Amino acid sequence: MTTPVIAGFDHHRVPVADGVSLHTAVGGSGPPVVLLHGFPQTHLMWRHVAADLAADHTVICPDLRGYGASDKPAETDGTVYAKRTMAADIVALAGELGHERFALAGHDRGALVAFRAALDHPATVTHLACLDVLPTLDMWEVMHGVTAAVGFHLYLMAQPPGLPERMIGAAPDDFFGHFLDIWTSDRRAVPDEVRAAYLAACREAVPSIVADYRASAGVDIEHDRADRAAGTTLRMPVGVLQQDWGAALGFDAAALWRAWAPDLRHTTVTCGHFMAEEAPDEIVKALRDLIAG
């Protein structure tokens, strides 16, 4: 089976830190937009959105540190996969490609990286879009009771090194495939060849994916708490699109986001979690409107 690609995009390995290079697809020309993928995916999740945006933007789609064909450094301490570290990767990536300022969109894990990049580098990120997440600190605060079972993977991968890696590594296709199944409203949105590419990439990245999640139960919370205590907010226009999690878990998503983002456009969508694949036209329109606004 041929590995799918984003049509018309070139692929590069771009150094972003000592011993770390990111596999990156780049296409189009014009004002730069960086798109960050989620779990359990690679940059390929943006294939429809990226191709459309490339008509008038330079579109940059990396595999995050620890994912896909990017480097996967060992988790020597909690900072290696901190969102602050992964965000610095993205700023360095854009700089290596000649862009000192750029719009940034992320889905799922990529949205958490994008959120941290926008907080840490407000002069660099001109616009921020986050798809189907809450900021890390808020996410943990709304998970309670039996409804938190929907996030069982968060608790599993928060455990100390060893057990979660062995458990997931024993049946990686079952584990990662579970989320591709239950989080998709329209199974046709992730065709067989794309699903196979995601599973193959995740199969080779179990320790680094777990390390990414483990950081979100540790150092990422510390960074969010420090920003909340300091009153730090996002200075740029922010667009958030997400499913109506609040109806199931009992929170007001827009209010939680507005505490971080005074200039917020919050939209509740009806598609599944993998919205860039299920509803690419809706996502493209939201991104274009955000950047133009």
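The values are calculated or read from the model by the stated rules, or taken from the named source; none is laboratory data. What you see is a predicted model, and the numbers here were worked out from it, not measured in a lab. With ideal geometry, Cβ positions are generated from the backbone for all residues, glycine too; neighbour counts draw on all protein chains shown. The protein model used for the area step is the full one, side chains on, heavy atoms only, and it has no ligands, DNA or RNA in it. Shrake-Rupley method; radii C 1.70, N 1.55, O 1.52, S 1.80 Å.
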Distance in nm between residue 170 and residue 5 label points, each 7 Å along Cα→Cβ, equals 3.9
In this structure, the FRET efficiency calculated for residue 29 and residue 74 from their beta-carbon separation, with R0 = 45 Å, to the nearest 0.05, is 0.75
For segment 36-110, the Cα gyration tensor yields equivalent-ellipsoid semi-axes (√(5λ), largest first, whole Å) of 22, 15, 10
Mean projected area (nm²) from the convex hull of Cα positions in segment 159-273 is 9.1
Under 5 Å from the placed amide H of residue 265, counting only residues 5+ away or on other chains, we find 238, 239, 240
Options (1) -0.50; (2) -0.63; (3) -0.38 for log10 I(q)/I(0) by the Debye sum over Cα atoms at q = 0.09 Å⁻¹; the value derived from the coordinates is listed as (3)
With N residues in segment 28-186, Rg(alpha-carbon) / (2.2 N^0.38 Å) equals 1.09
A correct Stokes-Einstein calculation for segment 1-71, using the alpha-carbon Kirkwood radius, 20 °C and 1.002 mPa s, returns a whole-number D in µm² s⁻¹ of 176
Over all pairs of different Cα atoms in segment 123-226, the reciprocal of the mean inverse distance gives a Kirkwood radius in Å of 15.6
Mean accessible area per residue over the chain (1.4 angstrom probe, all protein chains present, square angstrom) is 40
Rounded to whole angstrom, the alpha-carbon centroid of segment 113-146 lies from that of segment 45-63 at a distance of 21
